[in-house]
1. Using the Cα centre of the chain as origin and beta-carbon charges of +1 (Lys, Arg) and -1 (Asp, Glu), tell me which of Tyr427, Met238, Pro34 is placed farthest towards the positive end of the dipole.
2. If I take every Cα pair under 8 Å that is 6 or more residues apart in the range 143-308, average their sequence separation and divide by the length, what percent do I get for the relative contact order?
3. Relative contact order for the range 379-559 using alpha-carbon pairs under 8 Å, separation at least 6, rounded to a whole percent?
4. If you work out Cα Rg over 2.2 N^0.38 Å from the coordinates, which of [x] 0.96; [y] 1.03; [z] 1.20 do you get?
5. Work from the charge dipole of the chain (Cβ charges, +1 for Lys and Arg, -1 for Asp and Glu, about the Cα centre) and give the residue of Met316, Phe475, Tyr192 farthest towards its positive end.
6. Using the Cα centre as the reference, give the magnitude of the dipole from point charges on the C-beta atoms of the chain (Lys, Arg: +1; Asp, Glu: -1; all else neutral), rounded to the nearest 20 debye.
7. For a protection proxy built on the mean count of beta-carbon atoms within 10 angstrom, sort 520-532, 90-102 highest first, please.
8. Search the structure for amide H atoms under 5 Å from the amide H of Phe70, placed 1.01 Å from N in the peptide plane, and list their residues when 5 or more places away or on another chain.
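Taken together, the values in this text are just the output of simple stated rules run on the coordinates, not laboratory data. From a predicted model like this one, the values you see are computed outputs, not experimental measurements. Ideal geometry is used to build each Cβ from the backbone, glycine not excepted, and the neighbour counts take in all protein chains shown.
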Amino acid sequence: MLGALGATALSSQTGGEIRTAFIGIGIRGKSLVPQVLEQRNTRATAICDVDPNARDAGLTLAKRDSPRAFTDWRAMLDFRDIDAVVIATPCYLHAEMAAAALQAGKYVYCEKPMGITPEQIQMVLDASRRAKSFLQIGQQLRYFPVVREALRQVHSGDLLGRTLVIKAQRDSLPLSPEAEARRPAWYKDVRYSGDLIVENAIHNIDVCNWIANSRPVAAFGHGMKYFPQPRWAGREMMDGFSVEYVYLNGVHLDYSQLYMHPRGLRRMTNGQWYVVYGQKGALDMTDESAEFCEMNSTQPRDIIPASLKGAKENAMEEFFACIRENRRPFADVQVGATAALTTIMGRESIYRGRSVTWDDLGVSLIPASTTTYPSPGFVSLMPKRDVSEHWTVEGAPASIWRVVGDEITCEGKPNGFLRSKKTYRNYVLRADWRFRREGWVAGRDDEGWPNAGFFIHANETVKNWPKSFEVQGHFGEAGSLFGTQGATIKGAKRGVIVRDRPLFGDWDRYEITSQDGKVTIRLNGELVNEGYDAQPAQGNICLQSEGWEVHYRNVEIRELP
């Protein structure tokens with residue numbers, strides 16, 4: 001749930017009208033103004049641009065609402081008649097404006113990229129964590145119905161099995177001199193645009209992040225300004241590059257964007273496309289179509305229902321729906337930060353001529369730890385003296401579970417679990433866990449690591465364990481999600497999900513969201529797994545232990561509508 005600030009402001013207006021301001025009325029801004037005016041119960045109240053011609057164009061587009069004109073975006077943010085801000089300025093200005101708008105309590109729709117340097121991304125993340133409003137990033141491909149349906153099937157696991165490799169491209173002819181001349185100066189200057197990979201390819205690379213359902217750990221690439229004469233990257237915008245990415249979950253991405261692709265080249269077609277290779281075959285996908293090629297079949301199969309073909313993206317509609325319904329956007333600040341950092345990582349590998357890692361960027365998507373516990377809006381499930389305050393013990397003597405300081409500890413033998421006294425359906429559950437490091441000796445039957453974890457939607461106990469879904473705490477398979485004792489869920493993955501793990505014995509953190517049968521798993525701030533059509537769709541929450549001492553802390557829950 002978002003804070004009460006935005007919801008209170010909106011509810012105080014007649015009919016919940018959303019008053020919207022625009023910063024930047026260039027090529028993109030001119031297309032966004034009518035998109036906003038098409039939405040129900042919205043009103044354009046402010047237009048801001050330093051260019052008088054652009055500003056006048058915006059005022060003309062929004063003349064229905066008689067918006068106020070501004071030349072200074074900071075002064076505009078002080079204007080009280082604003083609930084939401086749409087930012088469509090040159091790339092280097094996005095982060096400062098977005099952070100300031102969030103700080104001012106405004107809902108923000110910000111064009112991609114969220115920023116062009118790691119420092120800018122950190123600025124927006126920090127502002128977002130303090131804000132009671134939200135940011136939606138303009139990664140519009142996430143709102144294309146065909147793409148969403150194709151990736152729903154990919155993530156279900158039923159179509160491809162596990163995703164292994166992605167190949168993607170965005171190729172075209174070389175730019176004509178006339179087209180080159182029409183580009184604004186800031187776009188061609190990499191200090192202001194972030195270069196082609198950050199300004200342009202971010203749309204496609206974000207889709208690849210979405211396909212992989214993860215974020216990269218390393219990148220290596222090469223690119224140049226090839227036309228009219230080859231020049232090294234780093235000063236003028238590239239017109240060709242290729243980057244290899246390796247993701248947290250082992251997925252490999254091969255991405256290229258070359259403005260040198262002849263129309264007659266048939267073996268590898270021009271344009272934008274993605275090929276997703278999995279255990280069962282490959283998916284050939286664009287933003288308008290998707291065909292599945294089974295491993296041993298010569299005939300591709302169209303996987304998109306006719307009802308979705310030709311359907312338009314609805315990013316702006318969703319932005320206003322999220323404001324009214326007090327929910328997080330699908331393309332939220334985490335999506336924007338991950339997409340921008342992925343492209344920045346690729347750019348830096350090209351500029352530096354070597355592999356660049358995620359850690360080299362120095363930005364964490366995980367909020368800094370806070371002394372506030374439980375978190376605002378959450379209810380603690382941590383007992384003060386005895387586990388029986390919130391939990392019942394099953395499968396093992398109660399004596400193996402103890403409250404020690406701010407932690408619940410379990411000896412691990414015999415196997416057992418704690419079951420919450422209350423059942424839950426829609427909620428966000430957060431918890432930290434770790435194993436005792438000292439004394440562990442790996443054996444064959446545990447694949448080298450001890451086991452523990454969480455049961456959610458727990459129902460009746462069958463042969464010592466509840467019918468439920470296990471969110472795996474096994475150190476080597478953290479992030480796994482699967483049904484036990486007859487529980488079923490579609491799309492979830494089991495196995496080695498995340499390769500980049502903390503040291504054994506250090507704390508891990510889960511955020512588990514359950515919403516009407518859909519379950520998403522974030523491990524240490526990263527989205528690592530999700531499933532849908534969970535049966536059962538509700539039940540108890542359990543803390544599990546199997547064979548080795550495990551510690552839990554900061555267990556808290558927030559129920560959702």
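1. Pro34
2. On the way: 307 pairs, mean separation 51.6, N = 166.
Computed over the range 143-308, the figure is 31 percent.
3. Numbers: 475 pairs, mean separation 61.1, N = 181.
RCO, the range 379-559: 34 percent.
4. Given [x] 0.96; [y] 1.03; [z] 1.20, the structure-derived one carries the label [y].
5. In the chain, that residue is Met316.
6. On the way: 68 positive and 67 negative charges, 97 e Å.
Using only the charged Cβ atoms, the result is roughly 460 debye.
7. Numbers: 520-532: 20.9, 90-102: 22.9.
Ranked by mean Cβ neighbours within 10 Å, highest first: 90-102, 520-532.
8. Residues meeting the criterion, in which the H sits 1.01 Å from N, are Ile47, Cys48, Asp49.
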